[in-house]
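The values are calculated or read from the model by the stated rules, or taken from the named source; none is laboratory data. No experiment lies behind these values; they were computed from the predicted model shown. Backbone-built Cβ (ideal geometry, glycine too); neighbour counts: all protein chains shown. Areas reflect the complete protein model, heavy atoms only, side chains present, ligands, DNA and RNA absent. Shrake-Rupley method; radii C 1.70, N 1.55, O 1.52, S 1.80 Å.
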Amino acid sequence: MTSLFRAEIDAMTGYIPGEQPKSDSKIIKLNSNENPYPPSPKVKDVLQNFDWEWLRRYPDASATDFRKAVSEVLNVPTDWIIVGNGSDEVLNLVIRACTDVSRKVVYPMPTYVLYRTLVEMQPAQTIEIDYPQDYKLPIDELVKVDGAVTFIATPNSPSGHIVPVEDLRELASKLSGVLVIDEAYCDFAANDALSVVKEFENVISIRTLSKGYSLAGIRLGFGIANPKLLSGLYKIKDSYNIDAIACAIGTAAMRDQDYKNSCAEKVKISRERLSKDLEKLGFKIWDSQTNFLLTQPPQGNAEYLYLKLKEQGILIRYFKQEGLEDKLRIAVGTDEENKVLVEALSGLLK
């Protein structure tokens, strides 16, 4: 029987997200890098007082109120901001607008595996370059490929490391295509790459409210770039991609920076405590600028520990791919959740 799908779709595997337990389960969920703390109280106020009239109408196609809030917080003009149904949609817009079967997309590995899926859907040519063991950005190799799109996640997942701004600036200056700086975890990092975006017309920073703002459930992200770059993305963006509730919630959360920053600080403190506790158990821990840790069990039995923890109602992330077979990615939970995790691992290692 002739396939109903394009050959590229038949050939691809598709992105596999972290497992989502039922909402009423007592699972300790440390597999999707979600913020362990609730959203800003101002978000609750918006939901409780939301005008139902806005559900009858189409939403603002440009998410104007939310873009104004981002503009105020990050000190960038509103016309430098594009809003997406999660940052993943903005990543997809770049791929759709800038690539085709004859154009290359390049990124260092390991990194966010959705990049590969987006390229396969287009389709375009994928060039994956291995990170060295110290995770120093392989600038020369990336420049040599000179892709139509180059993805750099900083902080990176699953490694947790941050790419120095000077390395991003050097890379941007040598590329002829678009440099996408994926800053999904920047709210937990020591610095960001906004200065590089302002300097180069071919650079876009893509951010999300899923991590730092505890709003993974509403799917809201945005990109920051020169309007010349955004003009092509707007041509293919869905007219009403951001619903009215998400826009109102996101605006309130964005304007409550004090709350977001206080939660991020708590996560960073817990991150350091969890790191030390795991090191005492013999784990190797990579330095992290995110809300998760890349870890290597002392016996290298990562998959075994992942499965045994799952039996005990604790979800973490295991990637069965080259270079990660003996490692686990663990999201930072509350101190209570982290304590249960460490105690469970201690028992399993014994």
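Treating only the Cα positions of region 257-347 as identical point scatterers, give the base-10 log of I(q)/I(0) from the Debye formula at each q in 0.23, 0.25 Å⁻¹. Each listed q corresponds, in turn, to -1.19, -1.37. The dipole here belongs to region 1-74: it is taken about the Cα centre, uses +1 on the Cβ of Lys and Arg and -1 on the Cβ of Asp and Glu, and is about 140 debye.
Note on region 150-165 and region 92-125: Cα centroid distance 17 Å, given to the nearest whole angstrom.
DSSP loop trypsin sites (Lys or Arg not before Pro) in region 35-79 with at most 12 other Cβ atoms within 10 Å of their Cβ, which ones? Don't skip to the end; give the middle numbers.
Numbers: sites: LYS42, LYS44, ARG56, ARG57, ARG67, LYS68; in loops: ARG57.
The qualifying sites are ARG57.
The spacing between region 326-343 and region 280-305, judged by their C-alpha centroids, is 10 Å.
I'd like to know which of ALA97, ALA11, ALA244 lies farthest towards the positive end of the charge dipole of the chain, counting +1 on Cβ of Lys and Arg and -1 on Cβ of Asp and Glu. The listed residue farthest towards the positive side: ALA244. Secondary structure note: in the chain, about 45% of the DSSP beta bridges are antiparallel. Around VAL143, with a cut-off of 10 angstrom between Cβ atoms, what is the net charge of the other residues, counting Lys and Arg +1 and Asp and Glu -1? In short, -2.
The alpha carbons of region 257-305 give a radius of gyration and a Dmax of 13.0, 42 Å, in that order.
Note on region 41-256: along the principal axes its Cα atoms extend 54, 35, 28 Å, ordered by decreasing extent.
The loop-placed GluC sites (Glu not before Pro) in region 271-324, going by DSSP, that have at most 10 neighbouring Cβ atoms within 10 Å of their Cβ come out as GLU322. Taking the charge dipole of the chain about its Cα centre, with +1 at Lys and Arg Cβ atoms and -1 at Asp and Glu Cβ atoms, the residue from TYR107, VAL342, MET121 reaching farthest to the positive side is VAL342. Of the residues PHE188, GLY84, ALA153, the one whose Cα sits farthest toward the positive end of the charge dipole of region 41-256, with +1 on the Cβ of Lys and Arg and -1 on the Cβ of Asp and Glu, is GLY84.
Please report the antiparallel percentage of DSSP beta bridges with both residues in region 152-279, rounded to the nearest 5.
Working: 5 of 11 bridges.
Of all bridge pairs located within region 152-279, approximately 45 percent are antiparallel.
Take every Cα pair under 8 Å whose residues are at least 6 apart in sequence, average their separation, divide by the length of region 41-256, and the relative contact order is 29 percent. Placing +1 on each Lys and Arg Cβ and -1 on each Asp and Glu Cβ, with no other charges, gives the chain a dipole about its Cα centre of roughly 420 debye. Computed over protein heavy atoms with a 1.4 angstrom probe, the accessible surface ordering of ASP258, ASP65, largest first, is ASP258, ASP65. Amide H contacts of GLY300 (H built 1.01 Å from N, in plane; Pro and chain starts excluded): no residue 5 or more places away or on another chain comes under 5 Å. Remark: spin-label model distance GLN20-LEU4 equals 2.3 nm, labels positioned 7 Å along the Cα→Cβ axis. Centroid-to-centroid, using Cα positions, region 188-246 and region 1-25 are 25 Å apart.
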